[in-house]
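Everything on this sheet refers to the single structure shown next.
The values are calculated or read from the model by the stated rules, or taken from the named source; none is laboratory data. Owing to the predicted nature of the structure, the values given are computational and were not obtained by experimental measurement. FYI the Cβ positions are ideal-geometry reconstructions off the backbone, even for glycines, and counts take in every protein chain you see. These accessible areas exclude ligands, DNA and RNA; they are computed on the full protein's heavy atoms, side chains included. Shrake-Rupley method; radii C 1.70, N 1.55, O 1.52, S 1.80 Å.
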There are 2 protein chains.
Amino acid sequence: MQIFCVNKSVRLGMPRLQETDVTVKERVRIGGRSARIQQAVHDAVRKLDAFSTRNQITVPQIAAEAGVTPSTIYRRWGDLSALLADVAVERLRPIADPDDTGSIEGDLRAFIEQYAEEMSSPVGLALMRDVLATTGQGQPGACAGFTCDHLTTINERAKARGEQPFDIDEVIDHVVAPIVYRTLFSDEMPTAAYCRQLVDRIYPKT
Amino acid sequence: MQIFCVNKSVRLGMPRLQETDVTVKERVRIGGRSARIQQAVHDAVRKLDAFSTRNQITVPQIAAEAGVTPSTIYRRWGDLSALLADVAVERLRPIADPDDTGSIEGDLRAFIEQYAEEMSSPVGLALMRDVLATTGQGQPGACAGFTCDHLTTINERAKARGEQPFDIDEVIDHVVAPIVYRTLFSDEMPTAAYCRQLVDRIYPKT
DNA sequence: CCCTTAATGCAAATATTTTGCGTTAACAAA
DNA sequence: TTTGTTAACGCAAAATATTTGCATTAAGGG
């Protein structure tokens with residue numbers, strides 16, 4: 001079962017009218033046209049992303065594919081990297097909870113293996129880079145939040161089973177962080193054996 | 001003592017004629033003019049970097065500051081992000097060995113504290129982002145190599161003292177990686193206390 | 001239904017990147 | 001030292017991309 005939509009191909013459909021922050025509902029239009037255009041532009045980016053390599057995608061191309069004017073994209077997103085980061089965050093947003101294997105250790109091991117696989121894939125790596133390339137906002141923070149949410153879910157499920165939860169920060173520091181570091185800074189993907197070894201620090205082999 | 005030139009202001013001077021790979025000395029001109037232009041362009045980037053924010057630096061600006069034609073920059077580096085990454089790697093290249101505190105644990109603790117401080121600073125963070133933004137070559141790998149070199153230096157010094165060296169991979173996975181992960185994905189800098197806590201895993205407090 | 005105004009489209013203005021071609025200068029060989 | 005070869009550069013025109021002003025559309029509120 002796939003956790004993120006990292007490998008998903010182009011997904012068409014109507015926009016989901018999600019409000020980022022309910023308390024700040026002021027001057028932001030989330031109605032039909034605006035959402036429709038955002039969806040069209042996002043879809044266009046994903047479509048072009050599948051066919052051409054990252055640094056030969058241009059704003060005018062995206063605009064043409066989405067059926068909008070380039071100036072609309074520039075005004076809404078500022079520049080290409082901001083748009084790519086925005087799309088990347090959406091694609092990294094979880095679409096499902098981690099698999100339930102019946103035990104917290106099993107859940108964590110399964111999640112980490114899949115996480116490493118998705119993040120170190122060409123697509124996952126490109127998405128992480130897109131997210132990190134932006135100077136602005138908290139897009140990287142949002143992505144870290146997704147991981148944190150998943151670990152929390154696993155922990156909650158464990159508590160419901162009566163199992164002892166793990167320390168989320170410890171998993172992030174000593175399992176997730178090494179995987180991400182090696183993915184970003186080395187040219188070889190972390191192996192499944194390597195990931196298992198990292199989790200062994202949380203759940204030592206008996 | 002400063003390890004990297006992360007915080008260094010513009011450094012003028014003649015180019016150092018370094019050959020990246022001795023075995024491949026074929027059709028690459030490393031002589032006077034070429035090196036002089038590279039140096040001028042690098043200096044221009046650093047100078048502009050100090051005065052304007054990252055995403056308002058342009059190639060024509062850099063070219064004007066360096067006294068070269070924009071086309072030269074495009075032909076040599078391809079695009080702005082590749083140039084920024086190139087400059088960033090140079091600025092992240094070590095200019096000194098880690099401090100010698102007299103013991104391996106002291107050396108490691110001092111190095112990590114300084115590493116965290118430099119990498120999580122606004123300048124260090126921007127440089128890391130520049131390096132990660134490029135799709136091409138192994139610039140991220142080079143930066144990871146710098147860290148690895150420093151740790152190796154500390155280890156060699158320890159061996160000369162008769163001390164037991166640490167496992168470099170373990171330090172990278174469980175000390176360096178968490179610091180980098182939090183720097184990149186969260187908006188708060190890792191504290192000195194947090195770094196100490198990480199090193200405690202390598203050298204437990206008695 | 002009407003009013004206000006954020007968001008868009010269009011097109012002109014501006015800035016950038018790319019490209020062809022002549023020139024300069026690095027390197028090798030005589 | 002001189003000469004030949006050619007990578008790297010400068011220049012300027014062409015092609016693209018980005019910004020901006022203004023008219024128009026449509027969301028959300030009264």
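Worth a mention:
- For region B:104-200, the residue among B:F166, B:M189, B:Q114 whose Cα projects farthest onto the positive side of the dipole built from Cβ charges is B:Q114.
- Adding -39500 (n - 2.57) for every DSSP H run of four residues or longer, then dividing by how many residues chain B holds, sets the calculated 222 nm ellipticity at -18500 deg cm²/dmol.
- The mean count of C-beta atoms from other chains within 10 Å of the C-beta of residues in A:178-190, rounded to a whole number, is 6.
- The Cα-based radius of gyration and maximum Cα-Cα distance (Dmax) for the protein assembly as shown are 23.1, 71 Å.
- Build a GNM of chain B with springs between Cα atoms under 10 Å apart, and of B:E65, B:E188, B:E113 the one that fluctuates most is B:E188.
- Computed from Cα atoms, the angle from the helix A:122-133 axis to the main principal axis of chain A rounds to 70 degrees.
- Candidates B:T135, B:T72, B:T53: whichever shows maximal mean-square fluctuation once chain B is modelled as a Gaussian network with Cα springs under 10 Å: B:T53
- Cα centroid of region B:42-109 to Cα centroid of region B:127-175, whole Å: 20 Å
- About the centre of its Cα atoms, region A:104-200 shows a dipole size close to 120 debye [charges on the beta carbon of Lys, Arg (+1) and Asp, Glu (-1) only; nearest 20 debye].
- Of the three principal axes defined by the Cα atoms of region B:34-89, the extents in descending order read 27, 19, 19 Å.
- Computed extension length for B:I168-B:E113: 18.2 nm, one decimal, from 0.36 nm per residue of separation with the Cα-Cα distance subtracted.
- Placing +1 on the Cβ of every Lys and Arg and -1 on the Cβ of every Asp and Glu, with no other charges, gives chain A a dipole of roughly 920 debye about its Cα centre.
- Once the C-beta distance of B:T153 and B:T53 is scaled by a Förster radius of 41 Å, the resulting FRET efficiency is 0.75 to the nearest 0.05.
- Exam field: B:G106 pseudo-label spacings to other copies (7 Å along Cα-Cβ), nanometres: 5.2
- Farthest positive-ward along region A:53-206 dipole, Cα basis, beta-carbon charges - from A:G124, A:I73, A:A177: A:I73
- Computed from point charges on the beta carbon alone (+1 for Lys and Arg, -1 for Asp and Glu), the dipole magnitude for the protein assembly as shown about its Cα centre is near 1720 Debye.
- Dipole orientation for the protein assembly as shown: of the candidates B:A35, B:C5, A:I104, B:A35 has the Cα lying most toward the positive pole (charges on Cβ; Lys, Arg +1; Asp, Glu -1).
- Heavy-atom accessible area ranking, 1.4 Å probe, most first, across B:R157, B:R91: B:R157, B:R91
- For the residues of A:166-176, the average number of beta carbons from a partner chain within 10 Å of their own beta carbon is 3.
- Averaged over the residues of peptide A:100-112, the number of Cβ atoms from other protein chains lying within 10 Å of each residue's Cβ is 0.
- Take the Cβ atoms of A:A64 and B:I95, set R0 to 51 Å, and the FRET efficiency comes out at 0.60.
- In the calculated pair-distance distribution of chain A, the portion above 28 angstrom amounts to 34 percent of the Cα-Cα pairs.
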